[in-house]
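To start, the structure itself, in structure tokens.
Taken together, the values in this text are just the output of simple stated rules run on the coordinates, not laboratory data. Owing to the predicted nature of the structure, the values given are computational and were not obtained by experimental measurement. Neighbour counts are summed over all protein chains in view; Cβ atoms, including those assigned to glycine, are modelled from backbone coordinates with ideal geometry.
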Amino acid sequence: MREVFGFREFRPGQGEIIASVLAGEDVLAVMPTGRGKSLCYQIPALIRPGLTLVISPLIALMRDQVLALRANGIEAASLSSADSPQDREETWQKLEQGTLRLLYLAPERLAVPGLAEKLGRSGLTMIAVDEAHCVSQWGHDFRPEYLRIRELADAAGRPQIAAFTATADAAARRDIAARLFAGPPSEFVSGFDRPNLHLAVAAKQSAFNQTRDFIKARPGQAGIVYCASRKACEDYAQRLKAEGVDAGAYHAGLDPDTRSRSQDRFVASDSMVMCATVAFGMGVDKPDVRFVVHAALPKSMEAYYQEIGRAGRDGEPADTLLLWSLGDAALRRRQIAESESDESRKAMETRRLGALIAYCEAPSCRRQSLLSYFGDTIEPCGNCDLCDDPPALIDGSVLAQKAMSAIARTGQRFGLEHLIGVLRGVKTDKITARGHDQLPTFGIGEDLSKDQWMSVFRQLFAAGAIDQPIDGYGEWLITERGKEILFGRAPIRLRPPQERRAEKVARM
Ligand code: ADP
Ligand code: ZN
């Protein structure tokens, strides 16, 4: 590592992964982008004799790596659609001579006739698979050619396989493992923790006011506010400006000129607040973004992690705030249901959204809940809203039973407004017209405010006790898990239902 790459020490995870690869194990490693996955196969490739085949869909990256390795006197080459015929001829020759240490291959080249035999003859010891999530149909980036990797490995005498990706939750890891490996691989997840980011989630009451208060408590800091729509971006930017905040808008509907000027201004400024859709941030290199606010629920846990990750890249403390409501969750679910994806994909995306919702209502340390989603485990972090101010959990059985019996007694056909009205004994026209003021449940929840009941329902939803049909109109159902709680067969612990209150935004 020191001689060839000039690095002094491993980054988290690299040492363990390299040791496992050198021990001959098949490996599946998940590490965020930019953490140094390449080193994990390059070092074993250089230490051991034989040829390492690297499969990567990123042709530009492949060429950079080949050039960098050659500059250090290492025999490396690539085969992709970008090669000239001479390049290709030369690479095949080196392969035949057995002098190559690393061969980078674009996935479409996996179909080249005779590849497995040639590789077998040139002493293939390992296949390293970059962007391994491309093998999974569930991923956002499925590449059918990746399914050939397994066939190639079988035809080339079953070399060791080491696969790397930056995005894979537990289900995706299982899928990748089944498609890529002959048996279960050793799995590693590391480097996801961003300890300098303070994590916080609040129930959405008035998204704009909550956002404004949060920003006003952080004068002179640059930050990003993620909004749900183009219109919301414009609206937020305008209203913030009216309050004296240096704000701008960024979304795909702006002409490219305006957009790039807005982005340049943000990068140069140390106090600008960008109100943006999620399109913003990808290519933006600004290490001193001090906060990220989500005024709208992200698409998934992965998306949330990516988006908050744009704050505090300089390693200095940075703040995040996610505002969420059941209405946002329902909207996201409808978007998934109405998308073009097939059924298994939709089920997957719905589960991923469910994980985010469970995170929003997590009973203890948010970072534990975030990282456990990615497969990483940590101690309670001391840098999230729940560590700052741990809620004393209560036995929630009675509250849960009241809420769910309101759902059951009204035939699982009503939305929150109605259910909470029944619980609190409010005689609306709709409630009396249906005779719901005659139910034994009517008024059994008088002691709690509407906001407090909202909090109970959110927590029940996050715990998987109640649910909404995707093609419904806002009605709530009781799940199998919910029935266990309703009939007193399973306990449930809840955070004490919260009264509407000003968010504690002035955290120092
Ligand atoms: P990934 O594939 O995970 O996105 P790369 O393998 O391209 O990341 O590495 C990202 C950057 O980190 C590269 O510039 C690489 O040289 C650098 N890097 C990797 N490992 C180390 C290390 N142990 N110390 C310092 N820099 C490293
Ligand atoms: Zn914590």
Margin query: Testing the spin-label approximation: label points 7 Å from Cα along Cα→Cβ at ASP437 and GLN205. State their distance in nm.
Written below: 3.0 nm
Check: Ranked highest first by average number of other Cβ atoms within 10 Å, how do 145-154, 121-130 line up?
Finding: 121-130, 145-154
Notebook entry, point to check: Size of the dipole of the chain about the Cα centre, Lys and Arg at +1 and Asp and Glu at -1 on the beta carbon, nothing else charged, in debye to 20?
Noted result: 820 debye
Margin query: Of LEU69, PHE374, VAL456, which is farthest towards the positive pole of the chain's charge dipole, taken about the Cα centre with +1 and -1 on the beta-carbons of Lys, Arg and Asp, Glu respectively?
Written below: VAL456
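For LYS430 and GLU108 in one chain, what is 0.36 nm times their gap in residues minus the Cα-Cα distance, to one decimal in nm? Provide the component values of the computation, followed by the final result.
Details: separation 322, 0.36 × 322 = 115.92 nm, distance 6.15 nm.
Taking 0.36 nm per residue and subtracting the Cα distance, the gain is 109.8 nm.
Can you figure out the FRET efficiency of ASP193 with LYS450, using R₀ = 41 Å and their beta-carbon distance, to the nearest 0.05? All intermediate terms of the calculation are to be shown ahead of the outcome.
On the way: r = 38 Å, r/R0 = 0.92.
Here the calculated transfer efficiency is 0.65.
At 222 nm, what helix-only mean residue ellipticity would the chain give, in deg cm²/dmol to the nearest 500, using -39500 (n - 2.57) for each DSSP H run of four or more? Could you put the intermediate results ahead of the total?
Numbers: 21 runs with 209 residues, N = 508.
Result for the chain, helices only: -12000 deg cm²/dmol.
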Notebook entry, point to check: Based on Cβ point charges of +1 for Lys and Arg and -1 for Asp and Glu, what charge dipole magnitude is obtained for the range 231-296 about its Cα centre, in debye rounded to the nearest 20?
Noted result: 100 debye
Checklist line | Pairwise label distance in nanometres, GLU96 with LEU331, each label 7 Å out on the Cα-Cβ vector | finding: 6.3 nm
Item checked: Over 37 Å [Cα-Cα, the chain], rounded percent -> 41 percent
Note to self: Taking amide H atoms as placed 1.01 Å from N in the peptide plane, list the residues 5 or more away in sequence, or in a different chain, whose amide H sits under 5 Å from that of ALA163.
What the structure shows: VAL27, LEU28, ALA29, VAL129
Check: Cβ under 14 Å from GLY183's Cβ, GLY183 left aside: what net charge do those residues give with Lys, Arg +1 and Asp, Glu -1?
Finding: 0
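At 0.36 nm per residue, minus the direct Cα-Cα distance, what do THR479 and PHE5 gain on full extension? Give it in nm, one decimal, please. Don't skip to the answer; put the middle values down first.
Numbers: separation 474, 0.36 × 474 = 170.64 nm, distance 5.46 nm.
In short, 165.2 nm is gained.
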Notebook entry, point to check: Treating the beta-carbon of each Lys and Arg as +1 and of each Asp and Glu as -1, no other charges, what is the dipole magnitude of the range 333-405 about its Cα centre, to the nearest 20 debye?
Noted result: 220 debye
Item checked: Long-range HN-HN contacts of LEU51 with modeled amide H, under 5 Å -> LEU124, THR125, MET126
Check: Using 0.36 nm per residue, how much length does the chain from GLU151 to ASP270 gain when fully extended, once their Cα-Cα distance is taken away?
Finding: 37.6 nm
Note to self: Spelling out what I want: for every residue of the range 98-112, take phi, set θ = phi - 60°, compute 6.51 cos²θ - 1.76 cosθ + 1.60 (Karplus), and round to whole Hz; glycine and proline get x.
What the structure shows: x, 9, 6, 9, 10, 10, 8, 10, 6, x, 5, 7, 4, 8, 4
Next item on the list: Within the range 452-474, which residues have the backbone N less than 19 Å from the label spot 7 Å out from PHE487 along Cα→beta-carbon, could you tell me?
Entry: 464-467
Next item on the list: Could you tell me which of the pairs LYS37/LYS346; LYS204/LYS450; LYS216/LYS241; LYS299/LYS483 are separated by over 20 angstrom between their Cα atoms in the structure shown?
Entry: LYS37/LYS346; LYS299/LYS483
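Could you state the per residue volume, in Å³, of the convex hull enclosing the Cα atoms of the range 414-476?
Values: hull volume 5.4 nm³, N = 63.
Hull volume over Cα atoms, normalised by residue count, gives 86 Å³.
Taking R0 as 30 Å, what's the FRET efficiency between THR33 and ALA217 from their Cβ-Cβ distance, rounded to 0.05?
Given R0 = 30 Å and the Cβ-Cβ separation, E is 0.45.
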Next item on the list: Could you list which residues have their amide H under 5 Å from that of VAL273, counting only those 5 or more apart in sequence or on another chain, with H placed in the peptide plane?
Entry: GLY223, ASP246, ALA247, GLY248
Next item on the list: In whole angstrom, note down how far apart the Cα centers of the range 258-332 and the range 1-78 are.
Entry: 31 Å
Checklist line | Two-site label geometry, LEU61 and ARG413: point separation in nm, points 7 Å out along Cα→Cβ | finding: 5.4 nm
